[in-house]
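Encoded as structure tokens, the structure appears first; notes follow it.
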Amino acid sequence: MSTLKKFFKDTIIYGIAAILPRAINIGLVKLHTSVFGAERYAVNTDYYVYAAYLNALLTYGLETAFFRFFSKEQEKGKVISTSFISLLITTTLFLFAALFFAENITTLFNFENILHVKILIWTVYLDTIVVIPFAYLRVTNRPIKFTAIKVFNIIILAVLNILFLWVIPKGILSESTIPSTFRFYINGQPQVIYIFLANVIASLFTLIVLLPIVIKIKFSFDKTTFKTLITYSIPIMIGSLAYVTNENIDKLFLGNLIGDKDMGIYAGCYKLGVFMTLYIMAFRLGAEPFFFNHAKEKNAKNNYATILKWFTILGAIFMLIVVCYIDLFANILLGQPEYFEALKIVPIILLANLCLGIYNNLSIWYKLTDKTLYGMYISIFGALVTIIFNLIMIPIIGFMASAWATLAAYGSMMIISYVIGKKYYPVPYHVKSVIKYLAIVSLFSYISFMETFRGNYIVATALVLVFLGIIYFSEKKDIKQLLNKN
């Protein structure tokens, strides 16, 4: 249990790195939705969809490969240097090629103007070359430093958003506050360009802060190590691209099939599901290096089973709280009533993301057995479910199709991974407990969202307290062990 205590302690610290930045980002959603209408907000959504695809492509699964072989290989220096040099070379080649063909890319992907493309290229470049330095902090158990840098990044991003979208437009500060170089590039551009500009500046400052780690890396490239890393990572990359498809293709389809306004409304409400995404991200930041570093321990599989059970319990609590108080969250974070018609997607998106988090926990079987091809196949299957379901159902039921497609994709991926994983890396998961908590939280969420009880915070609070009571009496023994300091 002491090993699990350390895991949960580190995960809480990583949670700050995941939750605080995203919480501030969620706060920015209201700023963005108040400044931009739904159609203009859709431009912002498109930008991040393409950024997500580029990040998955340019990192080509090397972060996960780094964790796998850093904990496995004796010469860890070769893994660090080879991973970093590989990403630096490929990403720099991308930078030059993309900037050269920026005008063609603008036309091909129907961007408003070439400046959007150039900012996107630079942002993705800066974010990619810091992947290995960040991974090094995680694998060497330095969560506090990792968290501090992430928080520093989001503070810069938030300050710049407030400056560009509120302080200067309100006349609190003059536009001369913006450096002349930036004013030259953004003069006459749509106001949404300031969001992208804030991103690239924040990414640049993050790279500067991480330079001490980069400088310490010995620049030696080992071909054998590279072949080992790339063989493992390519299926991960394809799986990541499929995951990005699951997360983002619905927004592109909605924009094309029913219009940018409905897509913007859907994307705004989809961000309320970020509460679960934050939780999953926090868990993943701590879990991924932990799973690899403790794989050889005697009780590793039992620990994995316990972690999955508690991941499900905590995720279910987050889901129920968000659904029970959904109107309160919507008023705080979205503000504009035009977005509220899509709030009915939120419970479905939350449950879908909880299934995704369970899948991420289950996926350790193919990562530890080096059968990453299975992860690729499962992710591609999920992407196909998403694409087919959206294409067929969006013309029929609108943006609700995208929510149900997300749940269908992640739910099926979770089940398939569990079934196949039992054969290659059997873990004694608490399946009955996981199913029980998923069923109860789904039922309670449905009750809370019913028209009869919607907005009744007495009923909402009662449902949350009853659920907490069920957890306490069901898991009393584990809770006492985890809280015991001896």
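The values are calculated or read from the model by the stated rules, or taken from the named source; none is laboratory data. Since we're looking at a predicted model, the values are computed, not measured. Positions of Cβ are generated from backbone atoms using ideal geometry, with glycine treated the same way; all protein chains shown enter the neighbour counts.
Looking at the stretch 292-301, can you tell me whether even one residue there is in a helix (DSSP H, G or I), within 28 Å of A383 (Cβ to Cβ) and out of contact with any strand residue (DSSP E or B) (no Cβ under 6 Å at 6 or more places or on another chain)?
Yes, some residue in the stretch 292-301 is in a helix (DSSP H, G or I), within 28 Å of A383 (Cβ to Cβ) and out of contact with any strand residue (DSSP E or B) (no Cβ under 6 Å at 6 or more places or on another chain).
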Of (1) of a type outside the set (F, W, Y); (2) out of contact with any helix residue (DSSP H, G or I) (no Cβ under 8 Å at 6 or more places or on another chain); (3) closer than 20 Å to L314 by Cα, L384 satisfies every one except (3)
Hey, could you check the stretch 233-252 for residues that are modelled with pLDDT of 90 or more and not hydrophobic (A, V, I, L, M, F, W, C) and say which is farthest from S86 (Cα to Cα)? P235
Only one of these conditions is not met by K271: (1) assigned to a helix (DSSP H, G or I); (2) under 30 Å from S81 (Cα atoms); (3) basic (K, R). Which number is it? (2)
Checking L285 against (1) over 24 Å from I364 (Cα atoms); (2) at pLDDT below 80; (3) hydrophobic (A, V, I, L, M, F, W, C), only one condition comes out false. Which one? (1)
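Pick from L207, L229, L163: which is part of a helix (DSSP H, G or I), surrounded by fewer than 19 Cβ atoms within 10 Å (Cβ to Cβ), of a type in the set (A, V, I, L, M) and modelled with pLDDT of 85 or more?
Working: L229 fails: surrounded by fewer than 19 Cβ atoms within 10 Å (Cβ to Cβ); L163 fails: modelled with pLDDT of 85 or more.
Just one listed residue meets the conditions, L207.
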Which of the numbered conditions does T106 fail, given that it passes all the others? Conditions: (1) closer than 16 Å to L211 by Cα; (2) of a type outside the set (D, E); (3) without any contact (Cβ under 8 Å) to a residue 12 or more places away in the chain. (1)
Identify, please: which residue in the stretch 297-333 is more than 24 Å from the chain's Cα centre (by Cα) and either of a type in the set (G, A, S) or over 20 Å from D10 (Cα atoms) (or both) and is, among those, modelled with the highest pLDDT? A300
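From L438, L391, which residue is surrounded by 15 or more Cβ atoms within 10 Å (Cβ to Cβ) and in contact (Cβ under 8 Å) with a residue 24 or more places away in the chain?
L438
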Name, by its number, the condition in (1) under 24 Å from A342 (Cα atoms); (2) out of contact with any Pro (no Cβ under 9 Å at 6 or more places or on another chain) that does not hold for A401. (2)
When the stretch 376-407 is checked residue by residue, the ones that are at negative phi and not aliphatic (A, V, I, L, M) are Y377, S379, F381, G382, T386, F389, N390, P395, F399, S402, W404, T406
Can you give me the ranges of the helices (runs of 4 or more DSSP H) entirely in the stretch 68-147 with at least 3 residues that are crowded, with 19+ Cβ neighbours inside 10 Å? 76-100, 114-128, 131-139
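Which of the helices (runs of 4 or more DSSP H) contained wholly in the stretch 376-486 include at least 3 residues that are modelled with pLDDT under 90 and among the charged types (D, E, K, R)? Step through it out loud before you land on a result.
Values: elements: 400-424, 431-449, 457-474, 476-483.
In the stretch 376-486, the matching helices (runs of 4 or more DSSP H) lie at 476-483.
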Only one of T306, T277, T312 is buried (at least 23 other Cβ atoms within 10 Å of the Cβ), assigned to a helix (DSSP H, G or I) and not aliphatic (A, V, I, L, M); which? T312
Pairs under 8 Å by beta carbon, first residue in contact (Cβ under 8 Å) with a residue 60 or more places away in the chain and within 17 Å of L210 (Cα to Cα) in the stretch 69-96, partner among the aromatic types (F, W, Y) and crowded, with 19+ Cβ neighbours inside 10 Å, six or more apart or different chains? I80/F66; I80/F70; I80/Y136; S83/F66
